[in-house]
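Down below is the structure, laid out as structure tokens.
Every read-out reported here was derived from the displayed coordinates using simple, explicitly stated rules and does not represent laboratory data. Just so it is clear, the model here is predicted, and its values are computed rather than measured. Cβ placement follows ideal geometry from the backbone for every residue including glycine, while neighbour counts extend to all protein chains displayed.
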Amino acid sequence: MVLREDLEQLLTSAGQNHLLEAWDSLNISQKQSLADQISTLDFPGLSQLHADAQKPAEHRLGDEDISPMPFSLAADDSRREYWLATGESVLTQGQAAAFLVAGGQGSRLGYEGPKGAYRVGLPSGKSIFQIQAERLLRLEQLYGKPVPWCIMTSPRNHAETVAHFEENSFFGLSSEKIKFFPQAMIPALDVEGKILREAPDRIALVPDGNGGCFKALSRSGALNWLAEQGVRLVFLYGVDNILVKVCDPFFLGALACSAEFKSASKVVAKRSAQEKVGIFAFKGRKPSVIEYSDLPESLREQRTEDQGLAFDGGNIAVHLFRIEALRQLEHQPLPWHAAFKKVNYWTPTHSYGDPETANAWKFEQFLFDSFPILGTMYPFGVTREEEFAPVKNASGEDSPVSARRMLGELHRRWLQRAGIAVESDTLYEISPLLSYAGEGLDQALFGRELGKGIRTFRE
Ligand code: UTP
């Protein structure tokens, strides 16, 4: 049986003695559970994180030189045919895998379940997960090999995520080719650095950020699983972009043909200097992503000779890593980023509930902090209209409506390019099972599939 005295000294020296408040009201198994959670905590580490969070924002960027990272559109590159053929061969040989980070809480969208289970409102009624699954199925049809798919969840949405796939028979994919695993969690701290509880016997834990993906991939055994299957390139991406070309052969080929780079990232031109997106830049001569809020206004507005934005390359969370790079990162610590946010909490005098204002420090690691560690990254320019329709907010910019419209317009352009007469004020949804990126469309197929695999809608 755990005794209060066993914990008292440790907690007092760590300044976290409040965790014993209400101890006497807990039953034996609750006491054991709380003691087990306490035993896993890194008190000096948490105290350091709290101290770092107090530093003013301008110190976050450090004093290293920041310079622009030029990029050009991959579609205009003279090597494009070679890249595509190489990427197709990577898929034919089963050497590519997809890795989705889906452990986020999706608070801006306000949807209760895992964001990937959200149905964006397309006429097919498909969820984000289904759209991605069907793109992978299409690659399997085209290249003859299933693509292994790793899906990182968080302990908060793991069961629901797996259930969504099970209820939908894995959308036609082989369940043996999908590995789900949760990311790690980290305690939330109050304004004074005290560890919060969400119940008398439970520490308030939050997901450790999408940068937790490297250790989660390793600890879950998924990295070994990929290596055993002969995977060389891993396509790592965020959940909410409904245009994401999962395991895009063209992208795979570009990295496969560029031995000098350990990873590659898709880059889009920013809409404006004020667009709230992280930008690719060199920091201390190393490839990096700088968050919108960390980039000083003067650099945000800096112009090139032809009046373009000097810091123009937006991060759309679509990356590709060599498996050796993931090996390098599996035990590599990444920096922590602090944000003061709302976290539900419990104290003996305040029962559990939604705080009205921000009350806690949350700490996250970001996967883009791996780029300076790896030291080389290929910026692969793409056009927003073809590749980036995020579902971040419930309405307005980057919402389900704007994402649907972008998909509908892109698919209309695919049909136009295939010489099919379309209505210019109508939006189209083409099933990924018919076309991954506009290939394979013709009048006969259109006639057959209209109302089935090809649907129309308006916004
Ligand atoms: P976002 O930064 O958009 O965060 O995540 P979010 O939690 O999904 O949404 P908001 O900010 O609460 O509205 C970018 C990607 O990183 C994943 C998300 O699931 C998304 O794919 N992510 C984020 C994780 O996998 N784990 C995390 O701890 C945080």
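Here's the list of lysines a cross-link from Lys286 could span, going by alpha-carbon distance under 20 Å and ignoring same-chain residues fewer than 8 apart: Lys262, Lys266. For the listed peptides 73-79, 200-206, 139-145, a ranking on the average number of other beta carbons within 10 Å per residue, highest first, reads 200-206, 139-145, 73-79. Sites listed here are GluC sites (Glu not before Pro) in the range 235-327 whose DSSP assignment is loop and whose Cβ has at most 13 other Cβ atoms within 10 Å: Glu260, Glu305.
Remark on the chain: Rg and Dmax equal 23.7, 78 Å (Cα only). Hey, how much of the P(r) for the range 332-421 falls beyond 19 Å, as a percent of Cα pairs? Tail of P(r) above 19 Å: 70 percent of Cα pairs. The convex hull of the Cα atoms of the range 71-122, projected and averaged over all directions, covers 6.7 nm². The packing ranking of peptides 28-39, 179-190, 386-397, highest mean first, is 179-190, 386-397, 28-39, where packing means the average number of other beta carbon atoms within 10 angstrom of each residue. Residue order for Phe363, Phe170, fewest other beta carbons within 10 angstrom first, comes to Phe170, Phe363.
On a per residue basis, the convex hull of the C-alpha atoms belonging to the range 1-82 measures out at 234 Å³. Helix-only arithmetic for the chain: the sum of -39500 (n - 2.57) across DSSP H runs with n ≥ 4, divided by the residue total, places the mean residue ellipticity at 222 nm at -8500 deg cm²/dmol.
Footprinting exposure proxy ranking of Ile66, Ile131, fewest other C-beta atoms within 10 angstrom first, gives Ile66, Ile131. Extension gain, Asn393 to Gln9: 0.36 nm times the residue separation minus the Cα-Cα distance gives 133.6 nm. For the range 1-150, the equivalent ellipsoid built from the Cα gyration tensor has semi-axes of 48, 27, 18 Å, listed from largest to smallest. Summarising the amide proton neighbourhood of Val267: residues at separation of 5 or more, or on other chains, whose placed amide H is nearer than 5 Å comprise Phe380, Gly381, Val382.
Charging the Cβ of each Asp and Glu at -1 and of each Lys and Arg at +1, and nothing else, the dipole of the range 114-261 about its Cα centre rounds to 200 debye. In terms of surrounding Cβ atoms within a 10 Å radius of their Cβ, Ser258, Ser402 rank from fewest to most as Ser258, Ser402. Modelled spin-label separation between Ser25 and Asp52, with each label point placed 7 Å from Cα along the Cα-to-Cβ direction: 3.5 nm. With both labels modelled 7 Å from their Cα along Cα-to-Cβ, the Glu423 to Tyr82 distance reads 4.7 nm. Using only alpha carbons, the range 192-282 has a radius of gyration to Kirkwood radius ratio (Rg to Rh) of 1.08.
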